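A.B. asks: The following block contains the structure, expressed as structure tokens.
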Amino acid sequence: DAGVIQSPRHEVTEMGQEVTLRCKPISGHDYLFWYRQTMMRGLELLIYFNNNVPIDDSGMPEDRFSAKMPNASFSTLKIQPSEPRDSAVYFCASSAAGEGTGELFFGEGSRLTVL
Amino acid sequence: AQSVTQLGSHVSVSEGALVLLRCNYSSSVPPYLFWYVQYPNQGLQLLLKYTSAATLVKGINGFEAEFKKSETSFHLTKPSAHMSDAAEYFCAVSEGRAQKLVFGQGTRLTINP
């Protein structure tokens, strides 16, 4: 079974540009999470979805960030306009509520560098 | 709200020595607790989890952790370190069946030959 798939793995862009990160969760999983990892702040939960509906977006840093999940097999995290302080590794993770234990399966991450 | 504190951002041990990574949690309800490992340039992988069954939990690669409610701790141990254990380790907590995990700051484990 394929794991969580993220793209792109690396993105280098200039300040002010729009960035779109993509995620395909594990088939059958009904929760999807976006995390951001930086040296200074560690792993931060940005937003999570249940059955494609956003449940908690309190971790989204500001209006420049938005996330969507149009269907059960695809989600995007968009930053517009991007700033150098957005440079980080962005992880997508999915889980199955039926497990009832909160175990997350992570993708390999998208490393974003904003110049 | 739940939280996790990992004591020591960097731990260094010799190959063959005991590994001890410390984690303390705060939760208003019985927690589910996890240890994840992250190898360079990879995502996080589950090492082990505590879900209110046995307090001593065994995971992959010879790791285990013990849930101690009185100490609000969930320390990770391995009797004999191997070079391949070098990685970053994260402790995480969720409250009951809530799917949302809160992670600690991570502990980077270095193994000296």
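The values are calculated or read from the model by the stated rules, or taken from the named source; none is laboratory data. Being a predicted model, the structure only gives us computed values, none of them experimental. Methodologically, a virtual Cβ is constructed for each residue, glycine included, from the backbone with ideal geometry; neighbour enumeration extends over all protein chains shown.
A.B. asks: Would you point out which residue out of B:Thr51, B:Thr5 is under 26 Å from A:Ile55 (Cα atoms) and either touching a Lys or Arg at 6+ places or on another chain (Cβ under 6 Å) or modelled with pLDDT under 90 (or both)?
C.D. replies: Of the residues listed, the single one that is under 26 Å from A:Ile55 (Cα atoms) and either touching a Lys or Arg at 6+ places or on another chain (Cβ under 6 Å) or modelled with pLDDT under 90 (or both) is B:Thr51.
A.B. asks: State whether one or more residues within the range B:97-106 are of a type in the set (S, T, N, Q), more than 13 Å from chain A (Cβ to nearest Cβ) and part of a loop (DSSP other than H, G, I, E, B).
C.D. replies: Scanning the range B:97-106 turns up no residue that is of a type in the set (S, T, N, Q), more than 13 Å from chain A (Cβ to nearest Cβ) and part of a loop (DSSP other than H, G, I, E, B).
A.B. asks: Right, another one. Tally the residues that are more than 9 Å from chain B (Cβ to nearest Cβ) and either among the aromatic types (Phe, Trp, Tyr) or closer than 17 Å to A:Ser87 by Cβ (or both), restricting the search to the range A:42-59.
C.D. replies: Counting residues in the range A:42-59 that are more than 9 Å from chain B (Cβ to nearest Cβ) and either among the aromatic types (Phe, Trp, Tyr) or closer than 17 Å to A:Ser87 by Cβ (or both) gives 2.
A.B. asks: Mind listing just one residue for me: the one in the range B:59-83 that is modelled with pLDDT of 95 or more and loosely packed, with under 12 Cβ neighbours inside 10 Å and, of those, farthest from B:Ser3 (Cα to Cα)?
C.D. replies: Here the residue is B:Met83.
A.B. asks: Among the numbered conditions (1) within 11 Å of chain A (Cβ to nearest Cβ); (2) in contact (Cβ under 8 Å) with a residue 12 or more places away in the chain, tell me where B:Gly43 comes up short.
C.D. replies: Here B:Gly43 meets the rest and fails (2).
A.B. asks: Oh, and also: Hey, among the residues in the range A:94-115 that are at pLDDT below 95 and assigned to a strand (DSSP E or B), which one's nearest to the other protein chains (Cβ to nearest Cβ)?
C.D. replies: So, considering only residues that are at pLDDT below 95 and assigned to a strand (DSSP E or B), the one nearest to the other protein chains (Cβ to nearest Cβ) is A:Phe106.
A.B. asks: Another question about this same structure. So if I check each of B:Val19, B:Val37, which one is modelled with pLDDT of 95 or more and closer than 20 Å to A:Ser95 by Cβ?
C.D. replies: B:Val37
A.B. asks: For the range A:45-80, which residues satisfy the criterion of being surrounded by 17 or more Cβ atoms within 10 Å (Cβ to Cβ) and not in a loop (DSSP other than H, G, I, E, B)?
C.D. replies: Scanning the range A:45-80 gives A:Leu45, A:Leu46, A:Ile47, A:Tyr48, A:Phe49, A:Phe65, A:Ala67, A:Met69, A:Ser75, A:Leu77, A:Ile79.
A.B. asks: What tally of residues in the range A:1-39 results from selecting those that are outside any loop (DSSP other than H, G, I, E, B), of a type in the set (Val, Ile, Thr) and modelled with pLDDT of 95 or more? Quick ask: steps written out before the conclusion?
C.D. replies: Filtering the range A:1-39 down to residues outside any loop (DSSP other than H, G, I, E, B) leaves A:5-7, A:10-13, A:19-24, A:31-38.
Checking which are of a type in the set (Val, Ile, Thr) leaves us with A:5, A:12-13, A:19-20, A:38.
From what is left, the residues that are modelled with pLDDT of 95 or more are A:5, A:12-13, A:19-20.
So the answer is 5.
A.B. asks: Out of B:Leu33, B:Leu48, I need the residue that is crowded, with 19+ Cβ neighbours inside 10 Å, free of Cβ contacts under 8 Å to residues at least 40 places away in the same chain and within 13 Å of chain A (Cβ to nearest Cβ). Which one?
C.D. replies: The conditions single out B:Leu48.
A.B. asks: Okay, next question. For A:Asp63, which of the numbered conditions (1) under 16 Å from A:Val19 (Cβ atoms); (2) at pLDDT 95 or above fails to hold?
C.D. replies: Here A:Asp63 clears every test but (2).
A.B. asks: Then there's this: Let me spell it out: the conditions are (1) within 14 Å of chain A (Cβ to nearest Cβ); (2) surrounded by fewer than 13 Cβ atoms within 10 Å (Cβ to Cβ); (3) touching a residue at least 60 places away in the same chain (Cβ under 8 Å), and B:Ala53 meets all of them except one. Which number is the exception?
C.D. replies: So B:Ala53 meets the others, but not (3).
A.B. asks: Next question, about the same structure. If A:Asn71 satisfies all but one of (1) among the polar types (S, T, N, Q); (2) without any contact (Cβ under 8 Å) to a residue 40 or more places away in the chain; (3) under 15 Å from A:Thr13 (Cβ atoms), what's the number of the condition it fails?
C.D. replies: The one condition A:Asn71 does not meet is (3).
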